[in-house]
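Worksheet for the structure shown next.
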Amino acid sequence: QVQLVESGGGLVQAGGSLRLSCAASGSIFMINTMAWYRQAPGKLREFVSDITSGGSTNYANSVKGRFTISRDNYKNTLYLQMNSLKPEDTAVYYCNADVRNSDYAPPINYWGQGTQVTVSS
């Protein structure tokens with residue numbers, strides 16, 4: 001079993017910054033793609049950004065140029081640096097990861113419990 005634990009959320013004024021972290025622990029051989037998603041009240045969960053084990057990244061258009069995703073493969077930790085935050089960034093942010101627990105096992109997808117980000121205007 002694998003656990004993903006997010007941290008770093010909070011309340012910030014518009015224009016401010018936050019850095020989210022997601023620590024993976026448990027039965028981990030290798031983590032493939034890691035990603036951030038978010039869900040605002042009354043809306044569907046949406047993709048924010050992802051990063052492969054080799055460091056290739058993708059971003060939603062709404063966060064390009066403001067958010068930066070990164071990871072530390074030795075610490076099995078994912079990060080999201082969020083700058084120039086806007087009220088519309090308010091949401092619960094979820095970590096997601098494809099984890100292999102052995103060399104021959106296919107990846108299993110896991111979700112964290114989420115961390116709240118609130119941006120005031």
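Brief remarks on what is shown
- With every protein chain in place, region 10-87: carbon and sulfur % of accessible area (1.4 Å): 48
- The H on the amide N of L85, modeled in the peptide plane, is under 5 Å from the matching H of G15, G16, each at least 5 residues off or on a different chain.
- Modelled this way, with points 7 Å down the Cα-to-C-beta line, the labels at S120 and F29 are 4.9 nm from one another.
- I108 - accessible surface, heavy atoms, 1.4 Å probe, Å² rounded to 10: 80
- Rounded to the nearest 20, the Cβ-based charge dipole of the chain about its Cα centre (Lys and Arg +1, Asp and Glu -1) stands at 200 debye.
- In this structure region 64-121 gives 53 Å² per residue of accessible area when probed at 1.4 Å with all protein chains present.
- Nearby lysines by direct alpha-carbon distance to K43 (threshold 18 angstrom, same-chain neighbours under 8 apart not counted): K86
- Volume of the convex hull of the chain (Cα atoms only), normalised per residue: 94 Å³.
- Cα-projected label distance for D103 with A14, points at 7 Å along beta-carbon direction, nm: 5.5
The values are calculated or read from the model by the stated rules, or taken from the named source; none is laboratory data. What you see is a predicted model, and the numbers here were worked out from it, not measured in a lab. Methodologically, a virtual Cβ is constructed for each residue, glycine included, from the backbone with ideal geometry; neighbour enumeration extends over all protein chains shown. The accessibility values were calculated without ligands, DNA or RNA, using every heavy atom of the protein model including side chains. Shrake-Rupley method; radii C 1.70, N 1.55, O 1.52, S 1.80 Å.
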